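The values are calculated or read from the model by the stated rules, or taken from the named source; none is laboratory data. Just so it is clear, the structure is predicted and the values come from calculations on it, not from any experiment. Methodologically, a virtual Cβ is constructed for each residue, glycine included, from the backbone with ideal geometry; neighbour enumeration extends over all protein chains shown. The area values use the complete protein model at the heavy-atom level, side chains included, leaving out ligands, DNA and RNA. Shrake-Rupley method; radii C 1.70, N 1.55, O 1.52, S 1.80 Å.
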Amino acid sequence: MAPPVDPAALIHATPAERPHLVFDLGGTWFRRGVRRPDGVLEQVARQPAVNYLNHLRLSPPELRQGLVEYVLTETRRLAPPDSGRSPRVSISMGAALNGHTGVARRTGWWT
């Protein structure tokens, strides 16, 4: 296992030298982790996706809000403490997107 990142060393670090959060938001699972500057992926976890199959009573706006809350909650929890800078976050979303509007199709989030 790689040694932990020293938060004090991050104060003057460039973005490429700081860890960043990575998310894979799929239709079945939400996955997340922290990618260190040396490429090591840590704190990897997954949980069932917020979708219309897992949350039958939620409306499309409520499903969207659940996705946003997941990303924000995990970002706040995992963001490395580095002098109040905004954390770097990468998000992969495996939904079928309309290239013209950016709307995810047939997800249950949008009708």
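For the range 22-43, the set of residues classified as farther than 14 Å from Ser90 by Cα and part of a strand (DSSP E or B) consists of Trp29, Glu42, Gln43, listed by residue number.
Restricting attention to the range 37-52, the residues that are open to solvent by 50 Å² or more (accessible area, probe 1.4 Å) and touching a residue at least 40 places away in the same chain (Cβ under 8 Å) total 1. Is there a residue in the range 11-34 that is surrounded by fewer than 17 Cβ atoms within 10 Å (Cβ to Cβ), under 18 Å from the mean Cα position of the chain (by Cα), among the aliphatic types (A, V, I, L, M) and modelled with pLDDT of 90 or more? No, every residue in the range 11-34 fails to be surrounded by fewer than 17 Cβ atoms within 10 Å (Cβ to Cβ), under 18 Å from the mean Cα position of the chain (by Cα), among the aliphatic types (A, V, I, L, M) and modelled with pLDDT of 90 or more.
Thr101 passes every criterion in (1) among the hydroxyl-bearing types (Ser, Thr, Tyr); (2) open to solvent by less than 50 Å² (accessible area, probe 1.4 Å); (3) at pLDDT below 80 apart from (2). I'm checking my understanding of the structure. Among residues of the range 44-70 that are in contact with a Gly (Cβ under 7 Å, 6 or more places away or on another chain) and in a helix (DSSP H, G or I), which one is modelled with the highest pLDDT? The selected residue is Leu63. Looking at the range 74-89, is at least one residue outside any loop (DSSP other than H, G, I, E, B), touching a residue at least 60 places away in the same chain (Cβ under 8 Å) and either surrounded by 15 or more Cβ atoms within 10 Å (Cβ to Cβ) or in contact with an Asp or Glu (Cβ under 9 Å, 6 or more places away or on another chain) (or both)? Yes, the range 74-89 contains a residue that is outside any loop (DSSP other than H, G, I, E, B), touching a residue at least 60 places away in the same chain (Cβ under 8 Å) and either surrounded by 15 or more Cβ atoms within 10 Å (Cβ to Cβ) or in contact with an Asp or Glu (Cβ under 9 Å, 6 or more places away or on another chain) (or both).
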